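Take a look at the structure set out below.
The values are calculated or read from the model by the stated rules, or taken from the named source; none is laboratory data. Just so we're clear, the structure is a prediction, and the values are computed from it rather than from any experiment. Cβ coordinates were reconstructed from backbone atoms using ideal geometry, including for glycine residues, and neighbour counts include every protein chain displayed.
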Amino acid sequence: MNRVIGVLLIGLLACRAAPLLAQEAAPLDCLLEPNRVIDVSSAIRGVLSEVNVDRGDLVEQGQIVARLDSSVELAAMEFAQAKAKASAGIQADKLNAEFAGRRSERVGALFDKSAVSGDQFDESKTLARLRALELEQARENQHLAQLEAHQAEEILKQHIVRSPVRGVVVQRYLSPGESAEDRPIVRSAEIQTLRAETIIPVAQFGNVQVGQQAVIVPEAPLTGHYVGTVTVVDRVADAASGTFRARVALPNHDYALPSGLRCSVRFLQPGQSVAENIPAPPASRPLSRAASSASRPPRTVAMAPSASVPR
């Protein structure tokens, strides 16, 4: 009797565990998203003089995507640079300081011989000191001019808008001649690393850890499988749906995968191989209304010949 009860309990536990194991083994749906989406804008106000990229263009980090009109700032920078390079004033003050120093030495020698008065000696010493201070002031002014030139260069650089990431231009919002005040110029997406976002049943909480590998298969028409790494696992589950979210980072340096695709993901447990755990691709999407209309054969409309009406 006890043996029968034991067999029944084992069978009952197996029946309850079978759906859970099947659920754990089943692949999960996911969505490929860009690693970052950035609205690139200007740090200052101004009118665009050129926009060098358009939707679909690949951009490198630091590449110039747009320029603002900077004719006034360019003239200010050239003036500041010329002022910083000016050295005639320093050379003149240097000559005056050297002459005043030599003159003070000669007057001092005469004063030692009582050939000149003490007032003349004091005047020559004071004049030499003043000329030395004028030379020091000229050098300080040149240093300030160099700082102003550097400031003008930085202001001019703000009129050049560069891409902060390596990626693809998703949308261009503005064109040359439009104001860039508080508005993005282009939207860039960093897709050299994709994020696969997936929703996991709470029953599998604890089976997915940060740093764990996952096998991802994108939807048709793309083929093949890709291996990523879990980077985020939510610690708070959704009570209404009984699920939690996880994120898988997927390298995409050659831009082989576009973002926005649906995918299937299976998380690898320790000791599992990639080849034996490739999930099936997600089901194909239904055709949209526009695609369905485009796939239908064109209809031919027969026109009746027009009869001539006698006047």
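Can you name every residue in the range 222-260 that is β-branched (Val, Ile, Thr) and loosely packed, with under 12 Cβ neighbours inside 10 Å?
Thr223, Val236
Pick out the one residue from Arg106, Arg131 that is more than 30 Å from Asp39 (Cβ to Cβ), among the basic types (Lys, Arg) and surrounded by 13 or more Cβ atoms within 10 Å (Cβ to Cβ).
Arg131
For Arg139, are the conditions met, namely being touching a Phe, Trp or Tyr at 6+ places or on another chain (Cβ under 9 Å) and either free of Cβ contacts under 8 Å to residues at least 12 places away in the same chain or not in a loop (DSSP other than H, G, I, E, B) (or both)?
On the way: touching a Phe, Trp or Tyr at 6+ places or on another chain (Cβ under 9 Å): no; either free of Cβ contacts under 8 Å to residues at least 12 places away in the same chain or not in a loop (DSSP other than H, G, I, E, B) (or both): yes.
No.
Quick one: in the range 171-202, of everything that is within 16 Å of the chain's Cα centre (by Cα), over 30 Å from Phe267 (Cβ atoms) and aliphatic (A, V, I, L, M), which residue is surrounded by the most Cβ atoms within 10 Å (Cβ to Cβ)?
Val186
Give the range 249-264 a look and list any residue that's touching an Asp or Glu at 6+ places or on another chain (Cβ under 8 Å) and either within 14 Å of Val227 (Cα to Cα) or assigned to a helix (DSSP H, G or I) (or both), or say none.
Listed by number, the residues that qualify are Cys263, Ser264.
Among the listed residues Ala240, Ala246, which satisfies the condition of being outside any strand (DSSP E or B) and assigned by TED's automatic domain parsing to the domain that holds Ala196?
The unique qualifying residue is Ala240.
Would you check which residues across the range 143-165 are within 30 Å of Glu190 (Cα to Cα) and in contact (Cβ under 8 Å) with a residue 60 or more places away in the chain and list them?
Those that are within 30 Å of Glu190 (Cα to Cα) and in contact (Cβ under 8 Å) with a residue 60 or more places away in the chain: Glu153, Ile155, Leu156, Gln158, His159, Ile160, Val161, Arg162, Ser163, Pro164, Val165.
Among the numbered conditions (1) surrounded by 14 or more Cβ atoms within 10 Å (Cβ to Cβ); (2) farther than 16 Å from Arg162 by Cβ, tell me where Asp54 comes up short.
Asp54 satisfies all of (1) surrounded by 14 or more Cβ atoms within 10 Å (Cβ to Cβ); (2) farther than 16 Å from Arg162 by Cβ except (1).
With respect to Phe244, is the statement that it is within 14 Å of Pro279 (Cβ to Cβ) and touching a helix residue (DSSP H, G or I) at 6+ places or on another chain (Cβ under 9 Å) true?
no
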